[in-house]
Amino acid sequence: MSDPCYDCLRWEKDGQFKFINSAMYEYNPAMKDYMKRYKFAGDYRLRKVFSDQIHEQLKKQSAIIVPIPVGKDTVATRGFNQVTGLLENDRYLNLLSVRFDKKAIRQSAKNRQSRLLLDQPFEMIESQKNQVKNRAVLLVDDVYTTGTTIRHAAALIQQAGAASGKGFTLAR
C-alpha cells in the first residue's frame, strides 16, 4: 500500500479516526465516461472491464470485503449495485444497507460541500454485525470523491468492533 494521500491525512487531522483508501485509477475523463456508461446508463456488461484487475488486488487482502450498498430505488432504476457488479469474482459480505430510501439527488450531482455535509446514510445489517468483530475489513466502492461515503461506512464498522478498516476504490 502506498503512503496516505493528502485527503486521508486531512481527514485524520480533522479529528477522524485513521482510515486509508487505495484507488486503482485516477478519475480522469476516460474513467468518467466509463462510469457514465456503466453506472448511469446501466450497461452491466462493463463490470467485466476491471473485474480481473480488482480480483487480483483483492486476493492479496486478508480482510472481509464489504461493498458500499446502494438504495432500493437505485437498484430498481439501474437494475444492479455497481460495486457488487465489480466484485463478481470475489467473496464479500453485505454488512451495510442504506438507511433511507428516498428519491434524492445522486452523489455525483452534488458539490463537494454538499457531499461533506451528508448525514450517515448507512446502517448495519444486525444479523451480520458480529461477522466483523475483531476482524480486518476492506470497504469497497467504485469512486472516491470526498471520502464522505466510505468514511460513513468505516465509522459503522469501527462501532461494530472491527479490528481495522481500510478502503479500496476503482477510481479516485
**Request:** Using a Förster distance of 45 angstrom, determine the FRET efficiency expected from the C-beta separation of ALA30 and ALA163, and round it to 0.05.
**Result:** 0.75
**Prompt:** What ranking, highest mean first, results for peptides 36-43, 24-31, 157-164, 81-88 when packing means the other Cβ atoms within 10 Å averaged over each residue?
**Reply:** 81-88, 157-164, 36-43, 24-31
**With DNA, RNA and ligands ignored, accessible area of ARG172 (1.4 Å probe; Å², nearest 10)** = 100 Å²
**Asked** For the pair ARG45 and ASN94, what calculated FRET efficiency results from E = 1/(1 + (r/R0)^6), where r is the Cβ-Cβ distance and R0 = 30 Å, to the nearest 0.05?
**Response** 0.85
**Request:** Keeping all protein chains in position, work out how much accessible area VAL98 exposes to a 1.4 Å probe, and write it in Å² to the nearest 10.
**Result:** 40 Å²
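The values are calculated or read from the model by the stated rules, or taken from the named source; none is laboratory data. None of these values were measured; they are calculated from a predicted model. Positions of Cβ are generated from backbone atoms using ideal geometry, with glycine treated the same way; all protein chains shown enter the neighbour counts. Please note that ligands, DNA and RNA were not included when accessible areas were found on the heavy atoms of the full protein model with its side chains. Shrake-Rupley method; radii C 1.70, N 1.55, O 1.52, S 1.80 Å.
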